[in-house]
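Notes follow the structure.
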Amino acid sequence: MATFTNQATLSYNGNTTTSNITTGEILEVLTVTKTAVVNTYSANDRITYVISIVNSGATALNGLTVTDDLGGYELPDGTTRVYPLTYEPNSIQYYISGVRQAAAPSVTAGPPITFGGISVPAGGNTTLIYEARVNQNAPLAADSSITNRAAVSGGGLATPVAD
């Protein structure tokens, strides 16, 4: 893993002092964030999601899989899992370092939904933009919410990285 050192110098009223030297280790080279373009929803709304994957490492990561759980949750009976969102077919847009890719990643609509064959260049980023529709399993009462998570796996990652 990559390491770094840091030391601070403080000057005040003609006096200067330096701090101790600290050494750190960068443990995660891949980060993922997921954002809904809007913060509210109603029945049958289409919600646009943006997943940003950043690779701070010196090696490209290829063959990644991104999984979106579409807000799945267990019903009170404890045996049934429902999904309040449904992937909108053919809505995926795939960007690598800001350039839209002609070929979309593979999509398994699920639920959950998976996008396969994702690449993130060394020191670069990849963005996935797609839509999901609010369906009959979505809570619609005032102050309700959908907790929707994404995870990146494969491509040589030791453990999945999630948002």
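So which of Tyr95, Tyr87 ends up being touching a Ser or Thr at 6+ places or on another chain (Cβ under 7 Å), in contact (Cβ under 8 Å) with a residue 12 or more places away in the chain and of a type outside the set (Asp, Glu)?
Tyr95
So, Tyr73, is that one aromatic (Phe, Trp, Tyr) and open to solvent by 50 Å² or more (accessible area, probe 1.4 Å) or not?
It is true that Tyr73 is aromatic (Phe, Trp, Tyr) and open to solvent by 50 Å² or more (accessible area, probe 1.4 Å).
With the structure loaded, tell me whether Ala142 is farther than 12 Å from Ile51 by Cα and touching a Leu at 6+ places or on another chain (Cβ under 6 Å) or whether it fails that test.
no
(1) touching a residue at least 12 places away in the same chain (Cβ under 8 Å); (2) within 18 Å of Arg46 (Cβ to Cβ): which one isn't true of Ser144, the others all being true?
That leaves (1) as the condition not met.
From the list Thr147, Thr126, exactly one residue is at pLDDT below 95 and of a type in the set (S, T, N, Q). Which is it?
Going through Thr147, Thr126 in turn, just one is at pLDDT below 95 and of a type in the set (S, T, N, Q): Thr147.
For region 83-113, give me each residue that is among the hydroxyl-bearing types (Ser, Thr, Tyr), farther than 24 Å from Ala43 by Cα and crowded, with 18+ Cβ neighbours inside 10 Å.
Tyr94
Would you tally the residues in region 30-63 being within 15 Å of the chain's Cα centre (by Cα), aliphatic (A, V, I, L, M) and either on the phi > 0 side of the Ramachandran plot or open to solvent by 50 Å² or more (accessible area, probe 1.4 Å) (or both)?
2
Could we say that Thr108 is out of contact with any Cys (no Cβ under 8 Å at 6 or more places or on another chain) and in contact (Cβ under 8 Å) with a residue 12 or more places away in the chain here?
In short, no.
The values are calculated or read from the model by the stated rules, or taken from the named source; none is laboratory data. Quantities reported herein were computed from a predicted structural model and do not represent experimental measurements. Note that each Cβ is placed from the backbone with ideal geometry, even for glycine, and that neighbours are counted across all protein chains shown. These accessible areas exclude ligands, DNA and RNA; they are computed on the full protein's heavy atoms, side chains included. Shrake-Rupley method; radii C 1.70, N 1.55, O 1.52, S 1.80 Å.
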